[in-house]
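Visitor: Once you've had a glance at the structure underneath, I'll fire off some questions.
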Amino acid sequence: MKIAFVGKGGSGKTTLSSLFIRHLAANEAPVVAVDADINQHLGAALGLGEDEAAALPALGAHLPLIKEYLRGSNPRIASADTMIKTTPPGAGSRLLRVTEDNPVYEACARTLLLDGEPVRLMATGPFTEADLGVACYHSKVGAVELCLNHLVDGPDEYVVVDMTAGSDSFASGMFTRFDVTFLVAEPTRKGISVYRQYKEYARDFGVALKVIGNKVQGTEDIEFLQDEVGEDLLVTVGHSDWVRAMEKGRPAAFELLEASNRLALQALQDAADDSYAHRDWERYTEQMVHFHLRNAESWGNAKTGADLAAQVDPDFVLRETVGGAPAAPDLVSPRPHPLRPAPQPA
């Protein structure tokens, strides 16, 4: 399952995503963790030292390699230079899988051991001095969106993405790339403001949204969240001595995390697992194409000098299996697709 953690700055989004990643690893589940926040705190939350976190390879710095690998032998993509962040896969494209080894993981991922269990960690990379004044957040996370467009994951595999703070992710189509989105909200008016934005923006795209109430101190906080978000409230989390020790760089063994917080994390995994029954590869592909055509028209065609609508394979649906077997890296799912490129002039 593909899972996003979102929330306003300071809500505890990165802390909770790191706890969830540790929980999955403790359950021996295959996990790819992605830091898609330019503040780049996920590595530290997973136990990396400052120098180790800074040394993580930046996905954006390896974008040419990523494009060339994913392009494969797709005849609709003339060159890697014509690929943009929303380019969808088609016949001949290479797909990514959670547990495989491939050149993208080799260049862009590092394996961490969390209490002895391996987790792959990838990071967009922080803003650099060269980016100031000339680049935006969305240019940094384009590699993440491209990888998610080409990623096929199964029911017992997890891709956990720590998103940027606030509602910035709605400036790209990446918010539709997930089976479930966990929104971390404090029991305050500011804390639920991002929830309201997410709920409104996501309504037309079938985004599954669940709220984690964080920094909850008593029944009044719980009642406030229940009144404000209703049935979207999944769990609440309060103070944790284990987390405080982790933030000081002195974490205990994960098995010593408070029982109430372990139960909350299991509720998150249960919600993620339940989302699998509602997975709709056709809609997923349709939304992918929708945002690609919008990006192509608004800036992609002008930037690349190519007709990017022609990259859409109208007979392709990204899905988990082909004929009951795992999809091969260069294999297409040949099913009619509801969205086709607009007719082009002769």
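Visitor: Give region 295-337 a look and list any residue that's surrounded by fewer than 16 Cβ atoms within 10 Å (Cβ to Cβ), among the small types (Gly, Ala, Ser) and either at pLDDT below 95 or part of a helix (DSSP H, G or I) (or both), or say none.
Guide: Ser298, Ala302, Ala310, Gly323, Gly324, Ala325, Ala328
Visitor: I've got another one for you. Is there a residue being surrounded by 19 or more Cβ atoms within 10 Å (Cβ to Cβ), under 28 Å from Leu293 (Cα atoms) and over 19 Å from the mean Cα position of the chain (by Cα) anywhere in region 79-87?
Guide: For region 79-87, residues surrounded by 19 or more Cβ atoms within 10 Å (Cβ to Cβ), under 28 Å from Leu293 (Cα atoms) and over 19 Å from the mean Cα position of the chain (by Cα): present.
Visitor: Working only within region 255-294, note down all residues that are surrounded by 20 or more Cβ atoms within 10 Å (Cβ to Cβ) and over 16 Å from Asp313 (Cα atoms).
Guide: Matches in region 255-294: Leu257, Ala264, Leu265, Leu268, Ala272.
Visitor: On to the next question. Taking the stated definitions as given, is Pro155 at pLDDT below 95 and not polar (S, T, N, Q)?
Guide: The answer is yes for Pro155.
Visitor: Taking the residues in region 188-220 that are touching a helix residue (DSSP H, G or I) at 6+ places or on another chain (Cβ under 7 Å) and closer than 13 Å to Gly7 by Cβ as candidates, determine which candidate is most open to solvent (accessible area, probe 1.4 Å).
Guide: Lys210
Visitor: Quick check on region 26-65: of everything there that is touching a Phe, Trp or Tyr at 6+ places or on another chain (Cβ under 8 Å) and surrounded by 23 or more Cβ atoms within 10 Å (Cβ to Cβ), which residue is farthest from Asp115 (Cα to Cα)?
Guide: Val32
Visitor: Right, another one. What pairs come out if I take residues in region 96-118 that are under 18 Å from His23 (Cβ atoms) and part of a strand (DSSP E or B) and pair them with residues that are of a type in the set (S, T, N, Q) and open to solvent by 20 Å² or more (accessible area, probe 1.4 Å) whose C-beta lies under 7 Å away, six or more apart or interchain?
Guide: Pro118/Thr111
Visitor: I'd like the full set of residues that are in contact (Cβ under 8 Å) with a residue 12 or more places away in the chain, surrounded by fewer than 16 Cβ atoms within 10 Å (Cβ to Cβ) and either among the small types (Gly, Ala, Ser) or outside any loop (DSSP other than H, G, I, E, B) (or both), limited to region 221-248.
Guide: Asp241, Glu247
Visitor: Going by the structure shown, is Ile192 in contact with a strand residue (DSSP E or B) (Cβ under 8 Å, 6 or more places away or on another chain) and under 16 Å from Leu16 (Cα atoms)?
Guide: On the way: in contact with a strand residue (DSSP E or B) (Cβ under 8 Å, 6 or more places away or on another chain): yes; under 16 Å from Leu16 (Cα atoms): no.
So Ile192 fails the test.
Visitor: May I ask you to list pairs of residues, at least six apart or on different chains, whose Cβ atoms are under 9 Å apart, with the first in region 58-76 being touching a residue at least 12 places away in the same chain (Cβ under 8 Å) and more than 19 Å from Thr304 (Cα to Cα) and the second being of a type in the set (Lys, Arg) and open to solvent by less than 40 Å² (accessible area, probe 1.4 Å)?
Guide: Note: pairs meeting the criteria are Ala58/Lys140; Leu59/Lys140.
Visitor: Ala252 versus (1) closer than 22 Å to Ser18 by Cβ; (2) in a helix (DSSP H, G or I): which is the lone unmet condition?
Guide: The single condition Ala252 does not satisfy is (2).
Visitor: Could you give every pair whose Cβ atoms fall below 8 Å, whose first residue belongs to region 11-22 and is among the basic types (Lys, Arg), and whose second residue is open to solvent by 20 Å² or more (accessible area, probe 1.4 Å), counting only separations of at least 6 or pairs across chains?
Guide: Sorted first by the residue in region 11-22, then by its partner, the pairs are Lys13/Ala165; Arg22/Asp115.
The values are calculated or read from the model by the stated rules, or taken from the named source; none is laboratory data. This one's a predicted model, so the numbers in the text were calculated from it and none came from an experiment. As a convention, Cβ positions derive from the backbone with ideal geometry for all residues, glycine included, and neighbour counts pool all protein chains shown. The protein model used for the area step is the full one, side chains on, heavy atoms only, and it has no ligands, DNA or RNA in it. Shrake-Rupley method; radii C 1.70, N 1.55, O 1.52, S 1.80 Å.
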